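Beneath this line is the structure, given in structure tokens, with notes to follow.
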Amino acid sequence: MRTVKFQADLASADDAVLNMLMEELEVRSKADFLAKALALMNWAVKERKRGHRIVTIDQGDVIRELVMPELERVAPEFNLPSVSTMWTPEEVASFADLASESQPKPTSHLIRAMNRR
């Protein structure tokens, strides 16, 4: 089997997540991790192409669906999950007021958090 070299530039936060996941999953190399990630994404693409949804179900039977634009592009004929919200006229007016207000300046905490990425 022929191998191919692969190099990626990651943000430091993504590198930290990668290293944490490798440790948690006991994966020894980035090449092994990438192979496992590719297998998972390949499975997800095949499932979406079949029209299947990818979900988690917790102990209380709460269902959360994985939705990624990349996965939805491979299955455009299937409807995206959606949630309908029935707003009262008062709630719509309140939202319109909030949305039309001038935006506050970011706090120093928010600026520091954004600079860490």
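Extension gain for the segment E23 to F6, taken as residue separation times 0.36 nm less the Cα-Cα distance, is 4.0 nm to one decimal. Full extension of the chain between Q103 and A13 yields a length gain of 29.6 nm, computed as 0.36 nm times the residue separation minus the alpha carbon distance.
Given R0 = 35 Å, the distance between the Cβ atoms of E47 and M114 translates into a calculated FRET efficiency of 0.50. Note on the range 12-116: Cα convex hull, mean projected area over all directions, 11.7 nm².
Mind checking the full-extension length gain between S84 and D61? Use 0.36 nm per residue of separation minus the Cα-Cα distance, one decimal, nm. Write down the numbers at each step before the final one.
Details: separation 23, 0.36 × 23 = 8.28 nm, distance 2.04 nm.
Full-extension gain reported as 6.2 nm.
Nearest 0.05, what FRET efficiency do V92 and M68 give at R0 = 30 Å with Cβ-Cβ as r? So, using R0 = 30 Å, E works out to roughly 0.50.
Coordinate-derived values only; no laboratory data. Since the structure is predicted, the reported quantities are computational estimates derived from the model, not experimental observations. Every residue, glycine as well, gets a Cβ built from its backbone with ideal geometry; the counts of neighbours run over all protein chains shown.
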